[in-house]
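Engineer: One structure, pasted below without further comment.
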Amino acid sequence: MEEWIAAAAERIAARAPDELARFVAVSSPSGDVEGAEAAFAVAVSLAPQGVGVERAPCSSPGHAEDLILTLQGSGSGRIVLLGHVDTVVSHGDHRPLQRDGENLTGSGTVDMKGGNVLALGVLRELALLPDRFAEVALLLVCDEEWRAGDFAHTARYAGYDACLCFEGGELTAEGEEAVVVRRKAAGTLRVVAHGRSAHSGANPDRGANALLALAAAAQAVASRHDPRGSEHLTAVPTVVRSGEAFNVVPADGELLCDLRADGLQTFDEVLAGLPASVDGVRLDADLLRRWPGMDASARTAPLLAAASERLGRPIRGTHRGGASDASYLAPVIDVTIDGLGPRGGGAHTPREYVVESSLRTRAEVALALVDATLE
């Protein structure tokens, strides 16, 4: 391993547990302005001196403005580091950081406050080497977990040399360092039912049962599930709401389904295959969210090879089903790599954790990729 990478990673890892504790102490569910502001304040306090601090409109209305930290250098090369401070955990279920053997547990540790800690560490190290780059930006957003619309920052970073996103890291089945270079597209399908109420005991056949219509729609969606097919589509009904009383035919309701596939066009095919009505119940369907996929496998292969040489061990590109903001920048930044955060698990659950030892090893991976990008 190159000496600079080893020394810088050691400095990052030495500070990381305390910095992660500060981040995780803040409860910051998506859409909570106060929580986002508190998390951003932690990020600014951990940034290097002389960094530019900017707030930019969030992609989602009603949210706090996003945070951009920028270093200007005298060299060449522009990199954007990417992360988010929001979690899916409500204030009532929030858990501060605790040590559990080799793991650091707490809400948002791996998704993705641990990654933010590493990204800030990389930013501090690069601040000591301003002749190595023209610009390095750290973009932290506060709506990644629940965003429905487009990403507001895509045009700003078009043409940068690399996007490095710090979602949770992983190892290959062989135990080698892995980063994410391919992700599925993601969609949230909503079906709204418009039926007719009636007394479920005296006159049930006068009603038009929205619940049964939504069940039929759920079956229609599930029938398209084909993860081994050409588009690797997963189509999973996840939420249904209908009915207000046990003795009334439900007149309306809503169904939500999670869709994942290689390309966005597959979601339109699922949408087109839904019935317009079922037994007198009108069904209105639309896509609440259309999150693009990414495939930077070929474009990132040379950089992964160069970074592996600097690291002294292999870095492998892999794929992941979950969505990420990196997918929005991949179409405009050829070298887009995700999964640079620490290893862990249990994301979105009370068991969420980061493996403490991976704070150093994943810092090494990120620094090797930065070094190879700025050679």
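Engineer: Can you name the residue in the range 344-359 that is charged (D, E, K, R) and over 14 Å from Gly115 (Cβ atoms) and is also modelled with the lowest pLDDT among such residues?
Structural biologist: Filtering first and then ranking leaves Arg351.
Engineer: Name the single residue, out of those in the range 331-357 being assigned to a strand (DSSP E or B) and among the hydroxyl-bearing types (Ser, Thr, Tyr), that is surrounded by the most Cβ atoms within 10 Å (Cβ to Cβ).
Structural biologist: Thr336
Engineer: Looking at Val24, Val53, Val42, Val88, which one is in the same structural domain as Val141 (by TED's automatic domain parsing), farther than 23 Å from Gly169 by Cβ and among the hydrophobic types (A, V, I, L, M, F, W, C)?
Structural biologist: Val53
Engineer: Within the range 27-39, which residues are within 21 Å of Leu123 (Cβ to Cβ) and either among the acidic types (Asp, Glu) or outside the structural domain of Val122 (by TED's automatic domain parsing) (or both)?
Structural biologist: Hit for the range 27-39 is Glu37, nothing else.
Engineer: Could you say which residue among Ala155, Ala235 is of a type in the set (A, V, I, L, M), under 30 Å from Gly108 (Cβ atoms), touching a residue at least 24 places away in the same chain (Cβ under 8 Å) and surrounded by fewer than 18 Cβ atoms within 10 Å (Cβ to Cβ)?
Structural biologist: The unique qualifying residue is Ala155.
Engineer: Picking from Pro314, Pro275, which residue would you name as being over 30 Å from Gly175 (Cβ atoms) and either modelled with pLDDT of 95 or more or touching a His at 6+ places or on another chain (Cβ under 7 Å) (or both)?
Structural biologist: From the options Pro314, Pro275, the qualifying one is Pro275.
Engineer: Sticking with this one: Check the range 269-281 and report whether any residue there is in a strand (DSSP E or B), touching a Pro at 6+ places or on another chain (Cβ under 7 Å) and either buried (at least 21 other Cβ atoms within 10 Å of the Cβ) or not aromatic (Phe, Trp, Tyr) (or both).
Structural biologist: Scanning the range 269-281 turns up no residue that is in a strand (DSSP E or B), touching a Pro at 6+ places or on another chain (Cβ under 7 Å) and either buried (at least 21 other Cβ atoms within 10 Å of the Cβ) or not aromatic (Phe, Trp, Tyr) (or both).
Engineer: So, in the range 33-57, exactly how many residues are touching a strand residue (DSSP E or B) at 6+ places or on another chain (Cβ under 9 Å) and under 20 Å from Glu135 (Cβ atoms)?
Structural biologist: 11
Engineer: Sticking with this structure for a sec: Which of the residues spanning the range 267-300 are free of Cβ contacts under 8 Å to residues at least 60 places away in the same chain and aliphatic (A, V, I, L, M)?
Structural biologist: Within the range 267-300, Ala272, Ala276, Ala298 qualify.
Engineer: On to the next question. Tell me, which residue of the range 125-148 that is of a type outside the set (A, V, I, L, M, F, W, C) and under 14 Å from the mean Cα position of the chain (by Cα) is modelled with the lowest pLDDT?
Structural biologist: Arg147
Engineer: Do you know which residues across the range 217-242 are assigned to a loop (DSSP other than H, G, I, E, B) and in contact with an Asp or Glu (Cβ under 9 Å, 6 or more places away or on another chain)?
Structural biologist: Across the range 217-242, the qualifying residues are Arg224, Ser230, Glu231, His232.
Engineer: I would also like to ask the following. From (1) over 18 Å from Leu374 (Cβ atoms); (2) part of a loop (DSSP other than H, G, I, E, B); (3) in contact (Cβ under 8 Å) with a residue 24 or more places away in the chain, pick out the condition that doesn't hold for Gly317.
Structural biologist: Going through the list (1) over 18 Å from Leu374 (Cβ atoms); (2) part of a loop (DSSP other than H, G, I, E, B); (3) in contact (Cβ under 8 Å) with a residue 24 or more places away in the chain, Gly317 breaks only (2).
Engineer: Residue by residue through the range 148-171, note down the ones that are touching a strand residue (DSSP E or B) at 6+ places or on another chain (Cβ under 7 Å), closer than 28 Å to Gly345 by Cα and of a type in the set (D, E, K, R).
Structural biologist: Scanning the range 148-171 gives Glu167, Glu170.
The values are calculated or read from the model by the stated rules, or taken from the named source; none is laboratory data. Everything quoted here is computed from the prediction, not taken from an experiment. Don't worry about glycine lacking a Cβ; one is built from the backbone with ideal geometry, like all the others, and counts go over all protein chains shown.
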